[in-house]
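Encoded as structure tokens, the structure appears first; notes follow it.
The values are calculated or read from the model by the stated rules, or taken from the named source; none is laboratory data. Owing to the predicted nature of the structure, the values given are computational and were not obtained by experimental measurement. Because the Cβ atoms are built from the backbone with ideal geometry, glycine has one as well, and the counts that use them run over all protein chains shown. SASA here: full protein model, heavy atoms, side chains in, ligands and nucleic acids out. Shrake-Rupley method; radii C 1.70, N 1.55, O 1.52, S 1.80 Å.
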Amino acid sequence: MTELAAIITAEISENGPMPISQFMSTALFHPTLGYYTSRTVFGHSGDFVTAPEISQMFGELVGLALAQSWIDQGRPSPFQLVELGPGRGTLMSDLLRATKGVAGFHQAAQIILIEASPNLTQIQRSTLSGYDITWADSIHALQELPTFLIANEFFDALPIRQYQRIDDVWRERVIGLKDDALTIGLGGVAQSPYLLQRMSDTVDGDIVETCPQAAPLVDQIGTLIETKGGLGLIFDYGNWRSLGDTLQALRAHDHVSPLDHIGHADITAHVDFEALVQTCPARHTPMTDQGVWLERLGITARAQTLARALSGAALENHIHAHRRLTHPDEMGKLFKVIALYPSTAPYPVGFDT
Ligand code: SAH
């Protein structure tokens, strides 16, 4: 049992079963033993690889999409360039390099990175040395400015709660103890307008998930985008409406039980895009496959240009990375993107109207 598993076990034996959300936030963000707070690496040598770590093309195209909306909205200056959960800082670094040639974009940008992990903040500082950047651990630090924002694999890390439909009531799935071992069981009857609504598209035994922090966060960002201008690009795995247990843990690129390796494995859940944008004051595009969006932004032309300078294993890796980001059997279909944009602004690039 990991040190963090022992702490969670002691907490449950004292106070009773805990919601999955509390388990997830402790596993990821315990001040000294949490996965994001205590571990410094992800990427090829870590537990999972994200799109910006696969290829520079991802951050470049995201940068050009943001810059295009900035131009379309009349080049507002100043504006805030925001990333939620920047990981190693790779996406922001590629984005900034790709937009260097966009006249006035860097001069107008106030860069704000929202990061809860002190360890990852350190890595971001070193990746992005040379840029003038403000770090904050929550979006309360955002200014009343036009807001151009990117979040990649951020919302999947926010704590979820799970409910199971049993005999036509919903009961919360909670983490408890059985013979001193952590186990998932059923708590009391739960009621909410959302759960009532989900009676219409579920059957007995089905599990649904909610992410209590997600919609309030998107609503705040959406308020800024709608009133001040800007664009929000949200990439993640998930679907329009969640059904079933999507809580998952990854360790060294393998799926493990979320109740094993606590603090040493990444724990995430699929993102429910409908719930994410349902109450957002800004407009939203249709949820679109990441592969389709990247193709529309011109990833193939960019890949061909980069390929000219490559040969041998580097060229093989580059071809593989392009495929991995876009192919429907790889990340192209599992990952989705949605954009938030002001009702008065031109439509963002890469989406169906
Ligand atoms: N966007 C990066 C990293 C994804 S991992 C990439 O694509 O490579 C998730 C990131 O979100 C990590 O940086 C993690 O520390 C951060 N994070 C998770 N929950 C957070 C929260 N509530 N507030 C701020 N940052 C958070």
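Please go through the range 282-316 and give me each residue that is of a type outside the set (A, V, I, L, M, F, W, C) and in a loop (DSSP other than H, G, I, E, B), ordered by number. Lay out the reasoning, then the answer.
Pass one, the range 282-316, residues of a type outside the set (A, V, I, L, M, F, W, C): 283-286, 288-291, 295-296, 298, 300, 302, 304-305, 308, 311-312, 316.
Hits for the range 282-316 are T285, P286, G298, R308, S311.
On the basis of being in contact with a strand residue (DSSP E or B) (Cβ under 7 Å, 6 or more places away or on another chain), part of a helix (DSSP H, G or I) and closer than 30 Å to I71 by Cα, does I221 make the cut? Talk me through it step by step, then tell me what you get.
On the way: in contact with a strand residue (DSSP E or B) (Cβ under 7 Å, 6 or more places away or on another chain): yes; part of a helix (DSSP H, G or I): yes; closer than 30 Å to I71 by Cα: yes.
Yes: the conditions hold for I221.
Here's a check for you: in the range 229-259, which residue that is surrounded by fewer than 17 Cβ atoms within 10 Å (Cβ to Cβ) and closer than 30 Å to L81 by Cβ is nearest to the ligand (Cβ to nearest atom)?
Top of the filtered list is N239.
Given the conditions (1) within 18 Å of the chain's Cα centre (by Cα); (2) among the small types (G, A, S); (3) within 20 Å of L217 (Cβ to Cβ), report the number of the one that G291 does not fulfil.
(3)
Scan A103, A67 and give me the residue that is away from the ligand (no atom under 11 Å from the Cβ), open to solvent by 10 Å² or more (accessible area, probe 1.4 Å) and modelled with pLDDT of 95 or more.
Values: A67 fails: open to solvent by 10 Å² or more (accessible area, probe 1.4 Å).
Every option except A103 fails the conditions.
Looking only at the range 250-266, decide whether some residue is part of a strand (DSSP E or B), farther than 30 Å from R198 by Cβ and of a type in the set (K, R). So that I can check it myself, show each step before the final result.
Taking the range 250-266 as the starting set, the residues that turn out to be part of a strand (DSSP E or B) are 250-251, 254-256, 266.
Narrowing further to those that are farther than 30 Å from R198 by Cβ: 251, 254.
Subsequent filtering for residues that are of a type in the set (K, R) retains 251.
Yes, the range 250-266 contains at least one residue that is part of a strand (DSSP E or B), farther than 30 Å from R198 by Cβ and of a type in the set (K, R).
Being open to solvent by 30 Å² or more (accessible area, probe 1.4 Å), more than 10 Å from the ligand (Cβ to nearest atom) and assigned to a loop (DSSP other than H, G, I, E, B) is true for just one of R88, R97, R75. Which residue is that? Before you say what the answer is, go through the steps one by one.
Numbers: R88 fails: more than 10 Å from the ligand (Cβ to nearest atom); R97 fails: assigned to a loop (DSSP other than H, G, I, E, B).
Of R88, R97, R75, the one residue that is open to solvent by 30 Å² or more (accessible area, probe 1.4 Å), more than 10 Å from the ligand (Cβ to nearest atom) and assigned to a loop (DSSP other than H, G, I, E, B) is R75.
Only residues that are closer than 21 Å to S25 by Cα, touching a Gly at 6+ places or on another chain (Cβ under 9 Å) and either aliphatic (A, V, I, L, M) or more than 11 Å from the ligand (Cβ to nearest atom) (or both): list them for the range 114-139, please.
The answer is I114, A116, L120.
Any idea which residue in the range 198-214 is most open to solvent (accessible area, probe 1.4 Å), counting only those that are touching a Ser or Thr at 6+ places or on another chain (Cβ under 9 Å) and in contact (Cβ under 8 Å) with a residue 60 or more places away in the chain?
Step by step, filter the range 198-214, then rank; the result is P212.
From the list P31, P52, exactly one residue is free of Cβ contacts under 8 Å to residues at least 24 places away in the same chain and not aliphatic (A, V, I, L, M). Which is it? Break it down into steps so the answer makes sense when it comes.
Details: P52 fails: free of Cβ contacts under 8 Å to residues at least 24 places away in the same chain.
Sole residue among the options that is free of Cβ contacts under 8 Å to residues at least 24 places away in the same chain and not aliphatic (A, V, I, L, M): P31.
Could you please let me know if D266 is touching an Asp or Glu at 6+ places or on another chain (Cβ under 8 Å), buried (at least 22 other Cβ atoms within 10 Å of the Cβ), at pLDDT below 95 and at negative phi?
Values: touching an Asp or Glu at 6+ places or on another chain (Cβ under 8 Å): yes; buried (at least 22 other Cβ atoms within 10 Å of the Cβ): yes; at pLDDT below 95: yes; at negative phi: yes.
Yes; evaluated as a whole, the condition is true for this residue.
What single numbered condition from (1) surrounded by fewer than 22 Cβ atoms within 10 Å (Cβ to Cβ); (2) assigned to a helix (DSSP H, G or I); (3) among the small types (G, A, S); (4) touching a residue at least 12 places away in the same chain (Cβ under 8 Å) fails to hold for A6?
Here A6 meets the rest and fails (4).
If I filter the range 140-172 down to residues being open to solvent by less than 20 Å² (accessible area, probe 1.4 Å), closer than 24 Å to F23 by Cα and among the hydrophobic types (A, V, I, L, M, F, W, C), which single residue comes out as farthest from the ligand (Cβ to nearest atom)?
Once the filter is applied, the top-ranked residue is W170.
Got at least one residue in the range 40-50 being within 11 Å of the ligand (Cβ to nearest atom), open to solvent by less than 40 Å² (accessible area, probe 1.4 Å), within 23 Å of R125 (Cβ to Cβ) and among the acidic types (D, E)?
Yes, the range 40-50 contains a residue that is within 11 Å of the ligand (Cβ to nearest atom), open to solvent by less than 40 Å² (accessible area, probe 1.4 Å), within 23 Å of R125 (Cβ to Cβ) and among the acidic types (D, E).
Testing Q220 on (1) more than 16 Å from the ligand (Cβ to nearest atom); (2) more than 26 Å from E60 (Cα to Cα); (3) open to solvent by 30 Å² or more (accessible area, probe 1.4 Å), one condition comes back false. Which one is that?
Unmet for Q220, out of (1) more than 16 Å from the ligand (Cβ to nearest atom); (2) more than 26 Å from E60 (Cα to Cα); (3) open to solvent by 30 Å² or more (accessible area, probe 1.4 Å): (1).
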